[in-house]
Each structure stands twice: as C-alpha cells, then as structure tokens.
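Single-structure report; data block below.
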Amino acid sequence: MLQGKKILLGITGSIAAYKAATLTRLLIKEGAEVKIVMTNAAKEFVTPLSLSTLSKQPVLTDLSENDSWANHVMLGRWADIMLIAPASCNTIAKMAGGICDNLLLAVYLSATCPVAIAPAMDEDMWLHSTTRNNLKKISDAGNLLIPVGNGELASGLIGEGRMAEPEDILKWLNLFFSDSQPLHGKNALVTAGPTFEAIDPVRFIGNHSSGKMGVAIAEELANRGANVTLVLGPTNISVKQGIQVLSVTTAAEMYEACDLIFPTCHIAVMCAAVADYTPVQVADQKIKKKEEPITVSLTPTRDILKSLGQKKKLGQVLVGFALETQNEKENAIKKLTSKNADLIVLNSLNDKGAGFGYDTNKITIFDKAGGELNFDTRPKKELAKEIVNSIIHTLHAQI
Ligand code: CTP
C-alpha cells in the first residue's frame, strides 16, 4: 500500500525522535518516498546525517540555507501525507495557534495534503487541559491523530503519552491509504479547459473556460488513488504533481488523445469546453482587413463524449458536463441519453458564482437511473469531491 507514496516526515524535539530513524527505515523498506523536515530541537535527539542516509534525501530544517530558500509550499504539495512524528507538546501548541516560526510549521500551514500527528510527551502534559484544547483545535481543523501508547515515559513514570511505535504508525498509514484510496489501481481520464480553433496564424475561436473545475476533479481523483491523465486545453492553470498532463490546443487533438487513452480507463470525465465548430480552412497567412464583411465557414468538430459513449464497455464510468442557459434540466437529461454517459453534471450560466472562471460553481448531477443530486453554490474543489463520490458510487454499482 505504501509503494510510491510520498511521505513528508516532520520530526520535532522529543525523546521519541530517535524512533523516527526506525520509522524512516520501515517506510523506505515499504517502497515509500520520504522527505524529512525537522526542527532544531529535534536535532538534539537524532542527527540529520542518520536521517538523510536512511531517507536518501537531504534533511531540511531552515527556511533558508546557504542562500537558497526551502520551498515549503511545494513540499506540502509534493506529499501524499505529512506525518509529524513525534509531535511535541510545543509543536502541537504552535500548530493550534497558527504560529509559524520554523520550516516545519511553515510546511504544515501551507500543506494541501492530509496531515497526521503522532504526539509524544509525558502523561501530565498529555492530560493537561491546555494540551487537550490544542489537540481538539488541530483535530477540528481536519488533522489526524495517531493514538499515543501507554507505557514507560521519559520521566520514568508509567502512563499515557508515549509516541506510537514505528510498526504501529506503519499499520496506521497502511490503513489510512487503503481507506482513503478507493480508486487505487483505477485509471482515470479527465479533459479540462477550452480548445482553440485556428482561423489564421494569429487568430482563433476559443472560449472562456479556465479549466478550474476539470483540474479540481483530476486532483480529487488522484487524491483517492486513481492514476490520472489530464488532457488539458490551453490555460495557465497549475496542476499538482503526480497527474500526467497532456497539453492540447484543438478539439481534434483532444479527440485523438482521448480516443487513445479511453480503452484502458475505468473512469472518463469530459469537463472540457470543446469547440463545437472549427474553421473549414485555416488561412496560411494573416487574413488582411477589408472594407466588406467576411465569412468564416465552420464545420462541426467530433463530439468526444459521444464517441467515447459509443465505445464504452461494462466497468467504465463516463461522465459528461452540460453547460446550459435554458431548459437546463431537460437538456442535461437529453445529453445523458444521447451521449450514453453514466452521469451528467449540469452547470448553468444563469446561476451567480457559477461557470467559467469562478472558483465556485453550482451543479446538479443526473444519473441514468433518474437520480438527481442538487448542490448549492460551493467551491469547485468541494464540488469535485461530490462528483468523485458519485463516480465511485456508479463504479461500485457496475461491479
Ligand atoms: N463535448 C465533447 N466534444 C465536443 C463537444 C462537447 O466531448 N466536441 C462534451 C463536453 O466536454 C461536455 C459535453 O460534451 O462534457 C456537453 O458539452 P456542451 O457544450 O454542454 O454541449 P454540446 O454537446 O456541445 O451541445 P450544445 O452546445 O448544443 O449544448
């Protein structure tokens, strides 16, 4: 389960930091990629040299070193999970308060991946009401707590607060990835963004699609374990690592890419705003301005969703989008049938905060059984989770 997983291990100042060396060795043995960020206090308990040798990567401590800046934002984006083990009482308090006075905390505050902590401290500190409040705060913020053990503590007392053993942390991670990765081993194809159809060497027919919704879906599918290929039309949007991006410009290029990839896919989501028409002829030279009106003859492009719908086999889930300005529900349901999709996601240009360019959208998901799920205007990233939930549901119903 941990093969190829990217684990960002944060180590803080606690006697349990020595166990981080065993944990690193176990993670590497399981096939995980491990990058380590440690606090200065942690260096008192375990050396960066041991950890960099075990992880085969440089260990980072400072926000800047030798005139180079540690990119804390990219570290949090690189990782599949950030695991802070041991998490000292001090670091937990800083996490709860949003304090950012070292690299580890800067990475934590900018991490887009899930964050898990394995606390380590003496029992009295562990049971102190301030620590309880801090733990509640950070777990309410969506962070995951790996249970502490009960046993001999650094003080010599016996009680609660020992960091979980490295073997138990490994089991926890395996469970985490199997639960949170229901699409592990599935291949997914997503299209996003606009297409540009050239009229002459300097002009084209395009549209205002930003690609945000499609990229959010691609990222969510990847978060749930799928191998994702994103066929992306011309946009400036950035895509998280781990997704294979095929950049295309025209509807014909998008068609070719999808046609090639679809047979090996379990999931295909056609979110791109594909041009319906393309110029019959592309002028070799820039068309010169004239006094009289000109006509550009257009011919229909191939409908990618419809074509994939015709080739779809059992075990493949095909999702289309419908962008409507009138008779929305009726038109969306028509597209579900005419394109042989399993799900159609309707978004309407009539809704405020929905459609091209916005970070939010308002959608309804229709399925073939007549089901309809309505969502209020919400961030595209949140709606991507709902769309992926529906995809997983449909995939399971087919098996
Ligand atoms: N689509 C496609 N290939 C095309 C045109 C559209 O794959 N050449 C897909 C879109 O990605 C979307 C769905 O078809 O998933 C519906 O797109 P939409 O623009 O809403 O509808 P059209 O089929 O183009 O029909 P109309 O413009 O008449 O509404």
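The values are calculated or read from the model by the stated rules, or taken from the named source; none is laboratory data. Keep in mind that what you see is a predicted model, and the values were worked out from it rather than measured. All Cβ positions, glycine included, derive from the backbone under ideal geometry; neighbour counts span all protein chains shown. Areas reflect the complete protein model, heavy atoms only, side chains present, ligands, DNA and RNA absent. Shrake-Rupley method; radii C 1.70, N 1.55, O 1.52, S 1.80 Å.
At a glance:
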{"quantity": "Subset of the range 308-331 (residues that are farther than 16 Å from LEU189 by Cβ, within 29 Å of the chain's Cα centre (by Cα) and either open to solvent by 90 Å² or more (accessible area, probe 1.4 Å) or outside the structural domain of PHE356 (by TED's automatic domain parsing) (or both))", "calculated": "LEU314"}
{"quantity": "Residues of the range 332-355 classified as at pLDDT 95 or above and buried (at least 16 other Cβ atoms within 10 Å of the Cβ), total", "calculated": "12"}
{"quantity": "Strands (runs of 3 or more DSSP E) lying entirely in the range 264-363 (those with 1 or more residues that are without any contact (Cβ under 8 Å) to a residue 60 or more places away in the chain and within 26 Å of ILE391 (Cα to Cα))", "calculated": "317-324, 343-348"}
{"quantity": "Close pairs (9 angstrom Cβ cut-off, 6 or more residues apart or separate chains): assigned by TED's automatic domain parsing to the domain that holds ARG224 and open to solvent by 70 Å² or more (accessible area, probe 1.4 Å) in the range 373-399, among the polar types (S, T, N, Q) and not in a strand (DSSP E or B) anywhere", "calculated": "LEU373/SER390; LYS385/ASN223"}
{"quantity": "Test: residue in the range 220-228 that is away from the ligand (no atom under 16 Å from the Cβ), polar (S, T, N, Q) and surrounded by 21 or more Cβ atoms within 10 Å (Cβ to Cβ)", "calculated": "yes"}
{"quantity": "Positions within the range 90-108 being within 22 Å of MET121 (Cβ to Cβ) and without any contact (Cβ under 8 Å) to a residue 60 or more places away in the chain, in sequence order", "calculated": "ILE92, ALA93, LYS94, MET95, ALA96, GLY97, GLY98, ILE99, CYS100, ASP101, LEU105"}
{"quantity": "Top-ranked residue of the range 318-340 - restricted to ones that are under 23 Å from VAL248 (Cα atoms) and of a type outside the set (Phe, Trp, Tyr), ranked as farthest from the ligand (Cβ to nearest atom)", "calculated": "LEU318"}
{"quantity": "Any chance LYS352 is under 25 Å from THR112 (Cβ atoms) and away from the ligand (no atom under 15 Å from the Cβ)", "calculated": "no"}
{"quantity": "Selection within the range 281-312 - more than 16 Å from the ligand (Cβ to nearest atom) and of a type in the set (A, V, I, L, M, F, W, C)", "calculated": "VAL282, ALA283, ILE287, ILE294, VAL296"}
{"quantity": "Residues that are open to solvent by 30 Å² or more (accessible area, probe 1.4 Å) and in contact with a Phe, Trp or Tyr (Cβ under 8 Å, 6 or more places away or on another chain), drawn from the range 275-307", "calculated": "LEU298, THR299, PRO300, THR301, ARG302"}
{"quantity": "Elements of type strands (runs of 3 or more DSSP E) contained in the range 50-165, each with 3 or more residues being surrounded by 13 or more Cβ atoms within 10 Å (Cβ to Cβ) and touching a helix residue (DSSP H, G or I) at 6+ places or on another chain (Cβ under 8 Å)", "calculated": "81-87, 115-119, 158-162"}
